[in-house]
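Structure, as structure tokens:
The values are calculated or read from the model by the stated rules, or taken from the named source; none is laboratory data. All values reported here derive from a predicted model rather than from experimental measurement. A quick note on method: Cβ atoms are made from the backbone with ideal geometry, for glycine too, and the neighbour counts reach across all protein chains shown.
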Amino acid sequence: MTRKSDNDQLSFTSGRIKKIGILTSGGDAPGMNAAIRAATRSAIAAGREAVGILRGYQGMIDGDFIPLQSTDVSGILQLGGTMLKTARCKEFRTPEGRRRAKEQLTAAAIDAVIVIGGDGSFTGAWVMSQECDIPFVGIPATIDNDMYGTDYTIGYETALNSVVCAVDKIKDTARSHGRIFFIEVMGHEAGLLALNSGIACGAEVILIPESKAQHDELQKFLEKGYRDKESSGIVMVAEGDEAGGALHIAEQIRRDHPDLDVRISILGHIQRGGSPVARDRINATRMGIAAVDALLNDQKSIMIGLDNNRIVHVTFNKAVKMNHSIDTGLLEVHNLLNGM
Ligand code: ATP
């Protein structure tokens, strides 16, 4: 990981890159638009052209490009989703697909590409950059916040707040009826969203893929905590929990404890949408500028990251191959506050 000494200071030097393509790929995340806007405007400020590549790698293969002027990215900062659309593209996984993509970039005179997405998108960029001389720089955007080498990914803060708002509402009805709600949040292999939203909402139990011990805490809560207090309960479940999603776990609990009033709520895609919160807008803006700065300083095959709130460069190699670990110490905080 390289820390930039002149953090957030721009020094656009390379004369080689004249036209920069920008795309969003994989799952959408709130704040992607802020990154598109920042990358577009900083490229223009540096005397370069910006081009939007529609629908991620699919648009690259199809040559679906739109020129981006400063005014084209007006009014998008506060919008969720991505103005460039996104897609998952099987064809790009093949050498033939990537060859077609390279031909389209060459025909449009696009010299470099900024990829806003998750580790799959960076893997694709990395593979293509080994086959041709187009430099790629990545900006991490995924609501899971599970990328190695960066404390933060675009969209996470908004998704966290969306989950907290939804769970606060569910708590009202849970309390009124004395019910136990199993609430499933996104996170296939990562429990950060479930962990932090569980703490922010005062959930009774948090089940995440990174900790098996929490299933004992669930049993303790069902057998003692809930019955002693005769109250209600919120169990946050990351969708990737090894015991299965909320549906599977709750069905098991219903079988084992038929007297309990168990309900399930799968928050689903509501977590991805909505206007990005201020932190996502600010960080996405910083990362958009940093990506252009990196390209114009002859960097390639790197992801822009944030380490202790400072911009860093992380090689694609590390960003996609190394695992992201989460601070499970937060689970101890949670268990302490829940008297377990
Ligand atoms: P999310 O975190 O939302 O899943 P992601 O960027 O990880 O985002 P993926 O669906 O894994 O999303 O990847 C996005 C696209 O990147 C794929 O549809 C494919 O086009 C490309 N891609 C992923 N892996 C590879 C690979 N090994 N080789 C070439 N292209 C790839």
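Residues that are crowded, with 22+ Cβ neighbours inside 10 Å and in contact with a strand residue (DSSP E or B) (Cβ under 7 Å, 6 or more places away or on another chain) within region 287-300 comprise Met287, Gly288, Ala290, Ala291, Val292, Ala294, Leu295, listed in sequence order. The residues listed here are Asp146, Asp151; of these, the one that is within 16 Å of the ligand (Cβ to nearest atom), closer than 21 Å to Val333 by Cβ, acidic (Asp, Glu) and in contact (Cβ under 8 Å) with a residue 12 or more places away in the chain is Asp146. Does Val113 satisfy the condition of being in the same structural domain as Ala290 (by TED's automatic domain parsing), within 15 Å of the ligand (Cβ to nearest atom) and outside any helix (DSSP H, G or I)? Spelling it out, Val113 is indeed in the same structural domain as Ala290 (by TED's automatic domain parsing), within 15 Å of the ligand (Cβ to nearest atom) and outside any helix (DSSP H, G or I). For region 80-106, filtered to residues that are touching a residue at least 60 places away in the same chain (Cβ under 8 Å) and more than 11 Å from the ligand (Cβ to nearest atom), the residue that is nearest to Pro276 (Cα to Cα) is Gly80.
The test for being at pLDDT 95 or above, more than 15 Å from the ligand (Cβ to nearest atom), under 30 Å from Asp298 (Cβ atoms) and assigned to a helix (DSSP H, G or I) does not hold for Glu157. Taking region 153-188 as the range and being under 17 Å from Arg272 (Cβ atoms) and hydroxyl-bearing (Ser, Thr, Tyr) as the test, the residues that pass are Thr153, Tyr156, Thr158, Ser162. Could you say whether any residue in region 67-79 is within 16 Å of the ligand (Cβ to nearest atom) and either modelled with pLDDT of 95 or more or more than 26 Å from Asp133 (Cβ to Cβ) (or both)? No, that holds for no residue. Only one of the listed residues (Glu96, Glu103) is in a helix (DSSP H, G or I) and under 25 Å from Arg48 (Cβ atoms). That residue is Glu103. How many residues does region 116-139 contain that are in a loop (DSSP other than H, G, I, E, B) and within 11 Å of the ligand (Cβ to nearest atom)? Residues flagged as in a loop (DSSP other than H, G, I, E, B) and within 11 Å of the ligand (Cβ to nearest atom) within region 116-139 amount to 1. Checking each residue of region 163-184 against the condition of being within 16 Å of the ligand (Cβ to nearest atom) and either in contact (Cβ under 8 Å) with a residue 24 or more places away in the chain or in contact with an Asp or Glu (Cβ under 8 Å, 6 or more places away or on another chain) (or both) gives no match. What are the residues in region 17-42 that are away from the ligand (no atom under 14 Å from the Cβ) and either over 24 Å from the mean Cα position of the chain (by Cα) or part of a strand (DSSP E or B) (or both), if any? Residues satisfying the conditions are Ile17, Lys18, Lys19, Ile20, Gly21, Ile22.
Determine whether region 218-238 contains at least one residue that is closer than 25 Å to Glu157 by Cα and surrounded by fewer than 20 Cβ atoms within 10 Å (Cβ to Cβ). For region 218-238, residues closer than 25 Å to Glu157 by Cα and surrounded by fewer than 20 Cβ atoms within 10 Å (Cβ to Cβ): absent.
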